[in-house]
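Colleague: Sharing a structure with you now.
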Amino acid sequence: MGSPSDHLANERTFLAWVRTGVALIGFGFVIAKFALFISILKGAKSLSSSSVTYGEIMIILGGIVIIYGLYSYLVNERDLSKNQYTPRVLPNTMFVGIILAIAVVLALLII
């Protein structure tokens, strides 16, 4: 059944995932809006699409982080209710691999 402190720790972890996702979303908006601001300062007729694209990718990554945090929270709650723990090596490794692959692609696009 899990102790109340176990459930509260799971909830704190979930809220940390949400906080991280919201920070990524906010950072994505800042990147996109900064690109718009720079184009206005330059008097450019068109917006630099690459910066807006990077901002959009950060927003999407933020959403992915929140969704994965919810998945992890729900699986942990299920395990706590059964009074068991199942390590999730494969899902965590896949999540990290996807995020790192996106980061590498973005880094290569910037170069």
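Colleague: Please compute the contact order of the chain in relative form: average sequence separation of alpha-carbon pairs under 8 Å and at least six residues apart, divided by the residue count, as a percent.
Modeller: Working: 89 pairs, mean separation 39.0, N = 111.
Once divided by the residue count of the chain, the mean separation gives 35 percent.
Colleague: Please give the per residue accessible area of the chain, computed with a probe of 1.4 Å over protein heavy atoms only, in Å².
Modeller: About 69 Å² of surface per residue is accessible.
Colleague: Further, regarding this structure: Return one number: the angle in degrees, 0 to 90 and rounded to the nearest 10, between the long axis of the Cα atoms of helix 4-42 and the longest principal axis of the Cα atoms of the chain.
Modeller: Result, in degrees: 0.
Colleague: Heavy-atom accessible area of MET94 with all protein chains present, probe 1.4 Å, nearest 10 Å²?
Modeller: Rounded to the nearest 10, the figure is 110 Å².
Colleague: Starting from 0 in steps of 5 Å, tell me what percent of the Cα-Cα pairs of the chain lands in each bin.
Modeller: 2, 11, 15, 18, 15, 11, 9, 6, 5, 3, 2, 1, 0
Colleague: Give me the accessible area of LYS82, 1.4 Å probe, in Å² rounded to the nearest 10.
Modeller: 120
Colleague: Which of the chymotrypsin sites (Phe, Trp or Tyr not before Pro) across the stretch 46-94 are loop residues per DSSP, with 14 or fewer other Cβ within 10 Å?
Modeller: Here the sparse-neighbourhood loop sites are TYR85.
The values are calculated or read from the model by the stated rules, or taken from the named source; none is laboratory data. Everything quoted here is computed from the prediction, not taken from an experiment. Using ideal geometry, Cβ is built from the backbone for each residue, glycine included, and neighbour counts are taken over all protein chains shown. These accessible areas exclude ligands, DNA and RNA; they are computed on the full protein's heavy atoms, side chains included. Shrake-Rupley method; radii C 1.70, N 1.55, O 1.52, S 1.80 Å.
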